[in-house]
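One structure is given here, and the rest of the page talks about it.
The values are calculated or read from the model by the stated rules, or taken from the named source; none is laboratory data. Here the structure is a predicted model, which is why all the values come from computation and not from measurement. FYI the Cβ positions are ideal-geometry reconstructions off the backbone, even for glycines, and counts take in every protein chain you see.
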Amino acid sequence: MTKFADRRSSTLRRVTPIMGISLPMLLAHAPPIHAELGQARTDFGGVGLMQTPSARMAPLGDISLNYSHVSPYSRYNVSVQATDWLEAGFRYTSVANRNFNETIAGDRDYLDKGIDVKFRLLEEDRSTPALALGFRDFGGTGLFSSEYFVASKRWYDFDFSLGLGWGYLGAGGGIGNPLSAISDRFDERPSETSDDTGDFNLTDLFSGDIGLFGGVEYQTPWDPLSLQLEYDGNDYRSEPLDNPQTQDSPINLGARFDLNDNIALSAGWERGNTAMVGITLRGNLAGLSQPKTADPRPEPIEPAPTRGTDDWHGVSEDLAANAGMRVRRITRDNDELVVEAEATKYRSLQESENRANRILQNRADDDIQTFRYRWQSVGMGLRDDVHDRQAFVNASQSTRYDQQYRYGLYAAAITRPEDTAPSGERLYEDDLESFSWNLSPGLNQNMGGPDGYLYQLYAKLDAEYRTDANGWFSGQAALNLADNFDKYDYIASSALPRVRTNIGNYLDETSLGIYNLQYTRTARFGQNWYGMAYGGLLEMMYAGAGGEMLYRPFNSAFAFGVDLNWVKQRDFDQRFDMRDYDTWTGHATAYVDTGIEDVLAQVSVGRYLAGDIGTTVDLSRSFDSGVRVGAWATFTDAGDDYGEGSFDKGLYVSVPFDAFFTSSSRGSTTIAWQPLTRDGGARLARRYTLYGLTQDREMGRYWQDYDDVMP
């Protein structure tokens with residue numbers, strides 16, 4: 001795996017919706033979660049009973065993949081507990097007795113997309129219930145849209161829920177809307193059609209009549225089995241797509257059986273006349289990890305030698321093998337040993353430094369007092385971490401000195417605008433010229449469009465030639481092994497230039513393509529300023545050149561970047577020929593660490609590939625495991641020319657590789673769900689971003705990792 005794998009731009013997911021690994025693989029490696037009362041998944045995904053939600057939340061970091069079938073609907077749901085108080089979900093609904101427009105997709109079943117969110121308003125205590133506010137099908141077509149308040153209260157082995165629903169959840173209620181006293185817009189709820197796609201439907205919120213819903217879940221004496229009884233607030237007479245269903249009873253009955261901590265089966269009898277079956281796979285992103293049994297053991301600490309080693313090349317090799325540090329220079333400056341290096345293996349710099357301290361303690365002259373680690377990334381200085389040698393030795397040998405060492409340890413940002421080498425005696429230096437390559441399988445998947453499930457299995461060859469500390473050539477070629485992209489017939493209507501919707505041609509018209517071939521160079525222009533320039537075949541569809549500037553103060557909650565690119569559309573064979581279309585594209589991006597639940601906000605304003613102007617908002621949160629979950633939405637001035645819907649949107653999960661393997665790694669992969677490939681709001685899939693390259697500019701979990709790595 002090339003060392004830059006974890007630094008690719010997150011915008012790549014906007015081209016290939018699911019890449020690298022599948023969600024079942026992720027769930028298979030998740031730690032067990034013990035099932036409990038009130039943790040069933042509804043037919044729509046998310047925590048609840050069958051058709052109706054509850055006020056319960058899953059454990060922090062919980063992710064579930066759920067399938068349910070109750071005729072004529074089959075639903076495929078992904079739900080994530082992003083924070084203690086926020087549940088988010090993405091769903092496809094297949095409608096078996098309705099088709100897409102025949103001119104678009106023949107006789108294929110209609111497939112609807114939707115996004116759900118639920119917010120905890122109150123936690124349950126001894127006397128009051130839990131209370132939640134939710135929005136179903138909020139960012140999709142709105143065909144199944146609902147808003148609701150719901151309360152839940154547990155009593156011994158029973159968990160009760162009662163809610164008020166608008167829209168789909170309350171269609172059978174007939175209770176007048178008290179909000180009509182505020183405005184007559186709340187009197188009636190406009191009926192949704194398949195043409196009203198992609199909007200947030202803000203004008204429809206809490207409009208129309210209200211319905212009651214609720215139920216109870218009972219935990220039987222047999223631990224794997226729980227039973228459900230539910231009152232459904234929908235009468236199914238106003239189903240979307242002019243598709244009414246007969247309801248013999250508003251009472252639904254169901255059961256959930258847990259095969260193990262990660263797999264649950266469900267079955268029920270809904271509408272008084274229709275069977276329901278379902279299966280749920282669960283995992284937890286917050287605790288996703290594997291024991292690192294394949295990592296080398298840290299060196300045992302020995303007394304400092306009176307006269308240290310002269311083999312500093314050997315020391316650099318030991319630092320690379322054991323501490324995950326690619327050394328650029330080792331310098332002695334009076335009683336300080338300065339190591340300039342890049343992190344290559346451990347996500348925790350504290351882990352690398354702990355291991356390196358041991359190696360240097362056993363090699364360096366005994367009159368060296370401190371070890372300074374000057375961390376860099378592709379030639380750009382990021383930070384200095386400084387360790388007192390004797391304090392480290394004392395802390396590692398006795399808990400009596402541990403707190404003393406902790407308080408003495410510090411990290412500081414060093415002002416070196418030109419990243420000049422430190423003064424002193426040069427013990428070792430490497431120009432970092434190198435060549436590396438990696439051959440691995442790849443998987444592109446797309447589902448949710450009229451063409452159904454599309455896939456491509458390919459062999460991927462990554463290669464990199466590092467010319468010096470600040471420059472490198474990178475390339476990626478893909479050999480198609482198997483695919484079904486011959487089924488890719490539908491191209492969404494769009495008055496915009498075809499900047500993305502001809503992706504099927506790129507995937508189908510060649511068996512061997514060059515996905516990337518570029519030269520990249522970085523520079524540091526001041527204490528907090530970083531720059532990057534690049535040119536070549538930048539991604540599957542575009543070649544060109546561009547640059548980026550980033551202002552990122554050390555350990556600051558704020559950063560600001562600007563990128564500008566001239567690109568030309570590549571030919572479908574993904575070689576070196578070009579099509580006629582070219583354009584300028586670029587964005588100004590603000591990065592804000594909100595300080596709330598480890599949430600990172602990214603707001604980008606600029607010009608997209610089709611020439612439309614707009615804004616992309618990306619909100620994500622990270623867990624201690626290194627997993628990051630997020631969602632984005634893009635709004636542009638394309639308006640009616642945008643195609644289906646008025647904006648782009650999607651969800652993603654970025655997972656570190658070492659969550660699956662017994663050896664540490666700084667690499668990661670991204671799984672993303674994007675409803676449709678559109679021309680509006682399309683961004684260049686830059687392989688590297690300065691924000692990713694400078695990730696160690698922030699302290700992150702540095703102090704939390706201390707307890708994990710110190711003996």
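Annotation: of all residues in segment 612-643 being in a loop (DSSP other than H, G, I, E, B) and not charged (D, E, K, R), the one that is nearest to ARG678 (Cα to Cα) is GLY643. Counted as qualifying within segment 138-236 are the strands (runs of 3 or more DSSP E) with 1 or more residues that are on the phi > 0 side of the Ramachandran plot and either in contact with a helix residue (DSSP H, G or I) (Cβ under 8 Å, 6 or more places away or on another chain) or modelled with pLDDT of 85 or more (or both), namely 158-167, 210-219.
When LEU600, LEU609, LEU684 are checked against the criterion of being part of a strand (DSSP E or B) and among the hydrophobic types (A, V, I, L, M, F, W, C), LEU600 stands alone in meeting it.
Of the residues making up segment 451-462, not a single one is modelled with pLDDT of 95 or more, under 23 Å from VAL315 (Cβ atoms) and outside the structural domain of MET325 (by TED's automatic domain parsing). Restricting segment 97-137 to residues that are assigned to a loop (DSSP other than H, G, I, E, B) and either at pLDDT 85 or above or of a type in the set (Ser, Thr, Tyr) (or both), the residue that is nearest to SER71 (Cα to Cα) is ASP137. Only a single criterion out of (1) over 18 Å from GLU336 (Cβ atoms); (2) surrounded by fewer than 17 Cβ atoms within 10 Å (Cβ to Cβ); (3) modelled with pLDDT of 85 or more; (4) not β-branched (Val, Ile, Thr) is not satisfied by LEU432, namely (2). The combined condition, being modelled with pLDDT under 95 and in contact with a strand residue (DSSP E or B) (Cβ under 7 Å, 6 or more places away or on another chain), is not fulfilled by LEU360. In this structure, ARG282 does not satisfy being surrounded by fewer than 18 Cβ atoms within 10 Å (Cβ to Cβ) and modelled with pLDDT of 90 or more.
A single entry from VAL655, VAL605, VAL629, VAL592 fulfils the requirement of being of a type in the set (Val, Ile, Thr) and within 27 Å of GLY142 (Cβ to Cβ): VAL629. In segment 339-347, is there at least one residue being without any contact (Cβ under 8 Å) to a residue 40 or more places away in the chain, among the β-branched types (Val, Ile, Thr) and within 28 Å of SER664 (Cβ to Cβ)? Yes, the conditions are met somewhere in segment 339-347.
When each of LEU259, LEU288 is tested for being within 23 Å of ILE63 (Cα to Cα), in contact with a strand residue (DSSP E or B) (Cβ under 8 Å, 6 or more places away or on another chain) and free of Cβ contacts under 8 Å to residues at least 60 places away in the same chain, the lone residue that passes is LEU259. Would segment 308-324 turn up any residue that is charged (D, E, K, R) and buried (at least 20 other Cβ atoms within 10 Å of the Cβ)? Checked segment 308-324: at least one residue is charged (D, E, K, R) and buried (at least 20 other Cβ atoms within 10 Å of the Cβ). One residue stands out in segment 525-550 among those that are under 25 Å from GLN376 (Cβ atoms) and among the aromatic types (Phe, Trp, Tyr): the one that is surrounded by the most Cβ atoms within 10 Å (Cβ to Cβ), namely TYR530.
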